[in-house]
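Novice: Let me give you the structure first, and then I'll get to my questions.
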Amino acid sequence: MKIALLGYGKMGKVIEKIALHRGHEIILRKDQTTTFEGLQFADVAIDFSVPSAAVSNISQCLKNGIPVVSGTTGWLDEYSKMEALCQEKMGAFIYASNFSLGVNLFFELNDYLAKMMSKFNQYSVSMEEIHHTQKLDAPSGTAISLAKGVIANSNYSDWSLKKNLDKNHIYIDAQRIENVPGTHSIFYKSEVDTIEIKHEAHNRNGFAIGALIASEWIIGKKGVFTMRDVLELV
């Protein structure tokens, strides 16, 4: 398939390498200094840009009838607008805070554990996420997705970057350390023990492979989807 890469930073380059290995063609490599010229010839667009560019990138794709897969985080206050635009244009759109197969299985494990632990109020929940120093948003989109998974299956009402803000808030410790692709941990602590689940990415390849699997899957489809649809986890 012919791919438009919207965002040509570290992730864009990893996606390009794996896409070419899988037999695909890159017809557009867009960064902040280039235009959308050639987008109309793409079979699918993959957006790994920056929060300030994501809405424009996704909008351009939907308005031009190009299926779009976005892994950019930090712009979700406008997600409902993109969802509505996709429906209006009868387009195809997938957003995921993380495209890694392992992380999406981790999301399911997180939901299951939260349901099970909701009966045991002697445990308090906290989270830790560690990423490279170039990551622009904190907490990560993946951490927010994990927190929402706990909230949906427990009595917690929100998350916070401030420790001890409110007993109904899940504290997220967001750390930025050089050369860390992404590590996420959820802790259930009581006075007598701690239960921990953890996902640690070893490199960016898992994110790129997942984004390409989603791109291959979305061809010919209409609607707003998630990785649960792609991986048939629903």
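The values are calculated or read from the model by the stated rules, or taken from the named source; none is laboratory data. All figures in this text were calculated on a predicted structure; none of them were measured in a lab. Note that we place each Cβ from the backbone using ideal geometry, even for glycine, and neighbour counts take in every protein chain shown. Remember, those area values only see protein heavy atoms, side chains included, never the ligands or the DNA or RNA. Shrake-Rupley method; radii C 1.70, N 1.55, O 1.52, S 1.80 Å.
Novice: Of the residues 218, 177, 213, which single one is under 20 Å from residue 132 (Cα atoms) and of a type in the set (Val, Ile, Thr)?
Specialist: Details: 218 fails: under 20 Å from residue 132 (Cα atoms); 213 fails: under 20 Å from residue 132 (Cα atoms).
Result of the check over 218, 177, 213: 177.
Novice: Now for a different question. Only residues that are among the β-branched types (Val, Ile, Thr), crowded, with 18+ Cβ neighbours inside 10 Å and under 27 Å from residue 81 (Cα atoms): list them for the range 1-49, please.
Specialist: 3, 15, 44, 46
Novice: Please determine, by comparing only the residues of the range 120-141 that are exposed (fewer than 14 other Cβ atoms within 10 Å of the Cβ) and at pLDDT below 95, which one is farthest from residue 184 (Cα to Cα).
Specialist: Residue satisfying both the conditions and the ranking: 121.
Each row is one residue, and each column tells you yes or no for (1) of a type in the set (A, V, I, L, M, F, W, C); (2) assigned to a loop (DSSP other than H, G, I, E, B); (3) modelled with pLDDT under 95.
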{"site": "62", "(1), (2), (3)": "yes, no, no"}
{"site": "74", "(1), (2), (3)": "no, yes, yes"}
{"site": "77", "(1), (2), (3)": "no, no, yes"}
{"site": "81", "(1), (2), (3)": "no, no, no"}
{"site": "150", "(1), (2), (3)": "yes, no, no"}
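Novice: Another question, then. Go through the range 172-188 residue by residue and tally those that are open to solvent by 50 Å² or more (accessible area, probe 1.4 Å) and on the phi > 0 side of the Ramachandran plot.
Specialist: 1
Novice: If I filter the range 7-24 for residues that are more than 27 Å from residue 182 (Cβ to Cβ), touching a strand residue (DSSP E or B) at 6+ places or on another chain (Cβ under 7 Å) and in contact (Cβ under 8 Å) with a residue 24 or more places away in the chain, do I get at least one hit?
Specialist: The first filter runs over the range 7-24 and keeps only residues more than 27 Å from residue 182 (Cβ to Cβ), leaving 23.
Filter again for touching a strand residue (DSSP E or B) at 6+ places or on another chain (Cβ under 7 Å), leaving none.
No, the conditions are met nowhere in the range 7-24.
Novice: Return yes when residue 154 is open to solvent by less than 60 Å² (accessible area, probe 1.4 Å), over 21 Å from residue 14 (Cα atoms), small (Gly, Ala, Ser) and more than 20 Å from the chain's Cα centre (by Cα) and no when it is not.
Specialist: Values: open to solvent by less than 60 Å² (accessible area, probe 1.4 Å): yes; over 21 Å from residue 14 (Cα atoms): yes; small (Gly, Ala, Ser): yes; more than 20 Å from the chain's Cα centre (by Cα): yes.
Criteria met by residue 154.
Novice: Looking at the range 27-53, which of the residues that are hydrophobic (A, V, I, L, M, F, W, C), farther than 17 Å from residue 205 by Cβ and not in a loop (DSSP other than H, G, I, E, B) is farthest from the chain's Cα centre (by Cα)? Spell out the reasoning first.
Specialist: Initial filter on the range 27-53 (hydrophobic (A, V, I, L, M, F, W, C)): 27-28, 36, 39, 41-42, 44-46, 48, 50, 53.
Of the ones still in play, those that are also farther than 17 Å from residue 205 by Cβ are 27-28, 36, 39, 41-42, 44-45, 50, 53.
Filter once more, so that each one left must be not in a loop (DSSP other than H, G, I, E, B): 27-28, 39, 41, 44-45, 53.
Numbers: 27: 24, 28: 22, 39: 23, 41: 26, 44: 18, 45: 16, 53: 16 Å.
The qualifying residue farthest from the chain's Cα centre (by Cα) is 41.
Novice: Please go through the range 189-234 and pick out each residue that is surrounded by fewer than 20 Cβ atoms within 10 Å (Cβ to Cβ) and part of a strand (DSSP E or B).
Specialist: 189, 194, 195, 196, 197, 198, 200, 223, 224
Novice: Can you name the residue in the range 81-119 that is hydroxyl-bearing (Ser, Thr, Tyr) and more than 18 Å from residue 183 (Cβ to Cβ) and, of all such residues, is most open to solvent (accessible area, probe 1.4 Å)? Step through it out loud before you land on a result.
Specialist: The initial filter retains those residues of the range 81-119 that are hydroxyl-bearing (Ser, Thr, Tyr), namely 95, 97, 100, 112, 118.
Cutting the leftovers down to more than 18 Å from residue 183 (Cβ to Cβ) gives us 95, 112, 118.
Details: 95: 28, 112: 145, 118: 50 Å².
Taking the candidates together, the pick is 112.
Novice: Considering only the range 83-114, how many residues are within 20 Å of residue 43 (Cβ to Cβ), of a type outside the set (D, E, K, R) and not in a helix (DSSP H, G or I)?
Specialist: 8
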